[in-house]
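The values are calculated or read from the model by the stated rules, or taken from the named source; none is laboratory data. All values reported here derive from a predicted model rather than from experimental measurement. In this analysis, Cβ positions are derived from the backbone assuming ideal geometry, glycine residues included, and neighbour counts consider all displayed protein chains. For the accessible areas, the whole protein counts, side chains as well, though only heavy atoms, and no ligand, DNA or RNA atoms are used. Shrake-Rupley method; radii C 1.70, N 1.55, O 1.52, S 1.80 Å.
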Amino acid sequence: MAQPTPEIRALRRSLRALRRSLPRDERRKAERAIGNALRHLKLLRRGHHVAVYLAMPGEVNLRPTIEAGWRAGCLLYAPRITSRRRCTMEFVPLPPGARLRPNPSAFGIAEPVASPSARIGSFRLDAILMPVVGFDRHGNRLGMGAGYYDRALRRLRDGSRRWRRPRLVGLAFACQEVESIVPSAWDVPLDVIVTERGIIVPRPQRTHSSPRSSP
């Protein structure tokens, strides 16, 4: 999550409005292409533990991918907000037929109904599919701004679980790409970005120049 400067806040608003403005037919076509690209990554395999998300308005709809994961025997999980004040969340099981309920304290986001003991640590996941508001070719991402994923992945930042790090996959429409995003010290870069134009493997970021954020 980039530093919340006025420029970043304006960029985030612009990108959210841009993805919401996609025509319905264009959005559905793009989401089908994203789903096809995800299948090429072969993440949804029997016995694998993969975190997905239940899309909010404007985000890439993962429902077909979730159903494909169930059919493949993949063990799926979804985020559940534990504290809006502290901006924390956990990953809980999302089995076929899971009962969902809106979180009344977190914008009504749909979440699986599960006991607290059912949660899984992020370091035990094989992959995490993440919605992004914006991204660049270096794997830097803009989220919604609250930092839920950053806190959920904090063990990955300190390297204590580096040997078991899940693959971080950002999902977005191609229009959400920006030239460059200045990362914060606590950010964990994406390993892969998937858009309707294909799979992007981030390239190393040069450190001698000052990166800029632009649409």
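Sort through GLY198, GLY159, GLY170, GLY145 and tell me the only one that's modelled with pLDDT of 90 or more and either over 12 Å from the mean Cα position of the chain (by Cα) or open to solvent by 80 Å² or more (accessible area, probe 1.4 Å) (or both).
Values: GLY159 fails: modelled with pLDDT of 90 or more; GLY170 fails: either over 12 Å from the mean Cα position of the chain (by Cα) or open to solvent by 80 Å² or more (accessible area, probe 1.4 Å) (or both); GLY145 fails: modelled with pLDDT of 90 or more.
Checking each option against the conditions leaves just GLY198.
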- Query: Would the stretch 181-190 turn up any residue that is closer than 21 Å to THR65 by Cβ, under 15 Å from the mean Cα position of the chain (by Cα) and either among the hydroxyl-bearing types (Ser, Thr, Tyr) or at pLDDT 95 or above (or both)?
  - Reply: no
- Message: Quick check on this structure: which one of GLU7, GLU59 is acidic (Asp, Glu), surrounded by 13 or more Cβ atoms within 10 Å (Cβ to Cβ) and not in a loop (DSSP other than H, G, I, E, B)?
- Response: GLU7
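GLY108 - would you say it is at pLDDT below 85 and not charged (D, E, K, R)? Before you say what the answer is, go through the steps one by one.
Working: at pLDDT below 85: yes; not charged (D, E, K, R): yes.
Spelling it out, GLY108 is indeed at pLDDT below 85 and not charged (D, E, K, R).
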- Given the conditions (1) touching a strand residue (DSSP E or B) at 6+ places or on another chain (Cβ under 9 Å); (2) farther than 23 Å from ALA146 by Cβ, report the number of the one that PRO64 does not fulfil. (1)
- Item | Top-ranked residue in the stretch 10-49 [being touching a residue at least 24 places away in the same chain (Cβ under 8 Å) and outside any helix (DSSP H, G or I); ranked as nearest to ARG119 (Cα to Cα)] | HIS49
- Task: Return only the number of the condition from (1) of a type in the set (A, V, I, L, M, F, W, C); (2) in contact with a strand residue (DSSP E or B) (Cβ under 8 Å, 6 or more places away or on another chain); (3) surrounded by fewer than 14 Cβ atoms within 10 Å (Cβ to Cβ) that LEU43 does not satisfy.
- Result: (3)
